[in-house]
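The values are calculated or read from the model by the stated rules, or taken from the named source; none is laboratory data. Small disclaimer: the values here were computed from a predicted structure and weren't measured. When we count neighbours, we look across all protein chains shown, and the Cβ atoms used for this are built from the backbone with ideal geometry, even at glycine. For the accessible areas, the whole protein counts, side chains as well, though only heavy atoms, and no ligand, DNA or RNA atoms are used. Shrake-Rupley method; radii C 1.70, N 1.55, O 1.52, S 1.80 Å.
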Amino acid sequence: MSANCDIGLIGLAVMGENLVLNMESKGFTVAVYNRTSTVTDKFAEGRAKGKHIVPAHTLEGFVQSLKRPRKAQIMVKAGAPVDAVIDQLVPLLEPGDIIIDGGNSLWTDTQRREKALAEKGIRYFGVGVSGGEEGALKGPSIMPGGSKEGWEFLAPIYTKISAHVEGESCCRYMGPDGAGHYVKMVHNGIEYGDMQLICEAYSILKNLLGLSAAELATIFTDWNGGELNSYLIEITSRIFGRNDPETGKPMVDLIVDRAGQKGTGKWTVGHAVEMGVPLSTISSAVEARILSSLKEERVEASKHLSGPAHVPYTGDKQELINAVRDALYASKIVSYAQGFVQLGAAAKQYGWTLNFGDIATIWRGGCIIRAHFLNRIKQAYELNPSLKNLLLDPYFCNILEKTQQHWRTAVSAAVLNGIPVPAFGASLAYYDSYRAERLPANLLQAQRDFFGAHTYERTDKPVGQFFHTEWMH
């Protein structure tokens, strides 16, 4: 087999197939391999037929078809399956060759693999790919992490197959070892927050105003034409507009309220806690999914636990719709702000130099959280690359100033009517805590000193001096 393939891909599930077709459509010749040969054959005889795609039935044949330095991308389930493929590939490769993991791998696994393979002279990349099936085919957002030297061989491919916004590729080099997969993980955490916030906006409008799915479709379409313009708002408006062909009822009303998750949200929250980074919006979104999964338990609890009596809303309907929109926008800003703070903390921990402007740039297209306001985030970090928190950027500071009364109105209305809005509430609490010159943690420190002699600092003494009181005397 002649070595004429620019890159190879292992794992022909939908994402893998679509990435291969994307690469081929951009002028690259691609080798493909799947552990189950029938899957390879079906692809070769179907979607790949007549294209510059070279099927291989053995890993040896797959590797032999690749140009040097060989570039082999793995698209299999995260965890042990990735290690298994690497173990099979390594004996067939030479120093300087590149292995790419394009799945949602835990960043610490990527760091471990990169270190182990570097000792063998193999370059390893952890590449975050966002955009789902459509993004993989038409242009995803791509977050590569690995050696800077290896990146020069991958850049011509990945920058070409990525989404493009205003002539810019939605693919930038993130940094060494696990940086790419870490950025993708935080992207997914923000995605959790975004989705939960949209769900809470829907819940207030449906349960308090009694709006129909058709009315909600109109509202979300309208919102998508303004500052909330984003992929998730757009698809939400389409979801509300779809009726079930079997019953004629709105599709959304027939779906069981039990959310699934694959784990990246939990990883994001877990590491934020480990680093001491507040991540309240994303944390509440992860918890909301977990709580939703207790469907049978909730049904039983609903028979025993009471809430406020349902009273028809008598206020100005449009005013509340506007309040919910502003609450959604303000909470969304908080969610992104928390995500970028986490990225900064991780960069410090691992010695990465993450470029926040680049990250905002590549999230503008192809990915699930793509949104118009990412341009504003990009501008914020261009204006001040050492910005501690997005909330302190003049543009976002002004937005929060303008929206906060509506934000409070929406949260208050929900709470008074027993409508759960954990992410709205957590976002507002973060904003109020972050802007507070003084929090009640002074009492907390007194309590800790009382039962554990943990000491405290005093407001009338220099910072860094610690004191203890014998509280029982």
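Quick check on Ala116: is it under 21 Å from Phe28 (Cβ atoms), among the small types (Gly, Ala, Ser), outside any strand (DSSP E or B) and modelled with pLDDT of 95 or more? No; evaluated as a whole, the condition is false for this residue. The single residue among Leu343, Leu391, Leu328 that is in contact with a helix residue (DSSP H, G or I) (Cβ under 8 Å, 6 or more places away or on another chain) and more than 22 Å from Asp432 (Cβ to Cβ) turns out to be Leu343. The condition of being part of a loop (DSSP other than H, G, I, E, B) and aromatic (Phe, Trp, Tyr) does not hold for Trp407.
Applying the condition of being over 17 Å from Ser283 (Cβ atoms) and in a helix (DSSP H, G or I) to region 412-437 and asking which residue is farthest from the chain's Cα centre (by Cα) yields Leu416. For region 112-139, residues that are of a type in the set (A, V, I, L, M), more than 20 Å from the chain's Cα centre (by Cα) and surrounded by fewer than 22 Cβ atoms within 10 Å (Cβ to Cβ) total 3. Between a residue in region 345-357 that is closer than 19 Å to Thr108 by Cβ and in a helix (DSSP H, G or I) and any residue that is open to solvent by 80 Å² or more (accessible area, probe 1.4 Å) and among the polar types (S, T, N, Q), which pairs come within a Cβ distance under 8 Å, given they are 6 or more apart or on different chains? Listed by first residue and then by second, the contacts come to Ala347/Thr353. Cβ-Cβ distances below 9 Å connect the following pairs, each with a first residue in region 158-181 that is closer than 21 Å to Gly344 by Cβ and among the aromatic types (Phe, Trp, Tyr), a second residue that is modelled with pLDDT of 95 or more and part of a strand (DSSP E or B), and a separation of six or more residues or different chains: Tyr173/Pro144; Tyr173/Gly145. Can Lys332 be described as surrounded by fewer than 22 Cβ atoms within 10 Å (Cβ to Cβ) and either closer than 15 Å to Glu191 by Cα or more than 17 Å from the chain's Cα centre (by Cα) (or both)? No, not satisfied. Any residue that is over 21 Å from Arg289 (Cα atoms) and either in contact with a strand residue (DSSP E or B) (Cβ under 9 Å, 6 or more places away or on another chain) or among the β-branched types (Val, Ile, Thr) (or both) - is there at least one of those in region 204-212? Checking region 204-212: at least one residue is over 21 Å from Arg289 (Cα atoms) and either in contact with a strand residue (DSSP E or B) (Cβ under 9 Å, 6 or more places away or on another chain) or among the β-branched types (Val, Ile, Thr) (or both). Kindly provide the set of residues from region 282-328 that are open to solvent by less than 50 Å² (accessible area, probe 1.4 Å), among the aliphatic types (A, V, I, L, M) and over 18 Å from Asn207 (Cβ atoms), ordered by number. Hits for region 282-328 are Ile282, Ala285, Val286.
One line per residue, one yes/no per condition, for (1) outside any loop (DSSP other than H, G, I, E, B); (2) of a type in the set (D, E, K, R); (3) in contact with a Ser or Thr (Cβ under 8 Å, 6 or more places away or on another chain); (4) within 24 Å of Val411 (Cα to Cα):
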{"residue": "Tyr173", "(1), (2), (3), (4)": "no, no, no, no"}
{"residue": "Gly193", "(1), (2), (3), (4)": "yes, no, yes, yes"}
{"residue": "Gln196", "(1), (2), (3), (4)": "yes, no, yes, yes"}
{"residue": "Tyr202", "(1), (2), (3), (4)": "yes, no, yes, yes"}
{"residue": "Leu228", "(1), (2), (3), (4)": "no, no, no, yes"}
{"residue": "Leu232", "(1), (2), (3), (4)": "yes, no, no, yes"}
{"residue": "Ser237", "(1), (2), (3), (4)": "yes, no, yes, yes"}
{"residue": "Thr247", "(1), (2), (3), (4)": "no, no, no, no"}
{"residue": "Ala259", "(1), (2), (3), (4)": "no, no, yes, yes"}
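Going through region 24-57 one residue at a time, which ones are of a type in the set (S, T, N, Q), open to solvent by 20 Å² or more (accessible area, probe 1.4 Å) and either touching a strand residue (DSSP E or B) at 6+ places or on another chain (Cβ under 7 Å) or within 15 Å of Leu12 (Cβ to Cβ) (or both)? Answer for region 24-57, where residues must be of a type in the set (S, T, N, Q), open to solvent by 20 Å² or more (accessible area, probe 1.4 Å) and either touching a strand residue (DSSP E or B) at 6+ places or on another chain (Cβ under 7 Å) or within 15 Å of Leu12 (Cβ to Cβ) (or both): Thr29, Asn34, Thr36, Ser37, Thr38. In the condition set (1) under 19 Å from the mean Cα position of the chain (by Cα); (2) free of Cβ contacts under 8 Å to residues at least 60 places away in the same chain, Ser147 is compliant with all but (1). Residue count for region 411-424 satisfying the condition of being open to solvent by 90 Å² or more (accessible area, probe 1.4 Å) and without any contact (Cβ under 8 Å) to a residue 40 or more places away in the chain: 1.
When region 140-151 is limited to residues that are open to solvent by 10 Å² or more (accessible area, probe 1.4 Å) and either part of a strand (DSSP E or B) or modelled with pLDDT under 95 (or both), the one that is nearest to Thr110 (Cα to Cα) turns out to be Ser147. Among residues that are open to solvent by less than 10 Å² (accessible area, probe 1.4 Å) and closer than 22 Å to Ala163 by Cβ, Leu21 is not included.
Filtered by the rule that a residue be open to solvent by less than 30 Å² (accessible area, probe 1.4 Å) and not in a loop (DSSP other than H, G, I, E, B), region 358-374 gives Ile359, Ala360, Thr361, Ile362, Ala371, Leu374. As a summary of the residue check, Arg68 satisfies the conditions (1) touching a residue at least 40 places away in the same chain (Cβ under 8 Å); (2) surrounded by 14 or more Cβ atoms within 10 Å (Cβ to Cβ) except for the one numbered (2).
Yes or no: region 264-281 includes at least one residue that is open to solvent by less than 40 Å² (accessible area, probe 1.4 Å) and more than 29 Å from Leu391 (Cβ to Cβ). Checked against the condition, which is being open to solvent by less than 40 Å² (accessible area, probe 1.4 Å) and more than 29 Å from Leu391 (Cβ to Cβ), region 264-281 yields no hits at all. The residues listed here are Ser433, Ser427, Ser386; of these, the one that is more than 30 Å from Ala136 (Cβ to Cβ), in contact with a Leu (Cβ under 9 Å, 6 or more places away or on another chain), loosely packed, with under 13 Cβ neighbours inside 10 Å and of a type in the set (Gly, Ala, Ser) is Ser433. Residues that are within 29 Å of Ser283 (Cβ to Cβ) and either surrounded by 11 or more Cβ atoms within 10 Å (Cβ to Cβ) or touching a residue at least 60 places away in the same chain (Cβ under 8 Å) (or both) are absent from region 460-471 altogether. Flag set for Ala380, criterion: open to solvent by less than 80 Å² (accessible area, probe 1.4 Å) and either under 18 Å from Val186 (Cβ atoms) or of a type in the set (Phe, Trp, Tyr) (or both).
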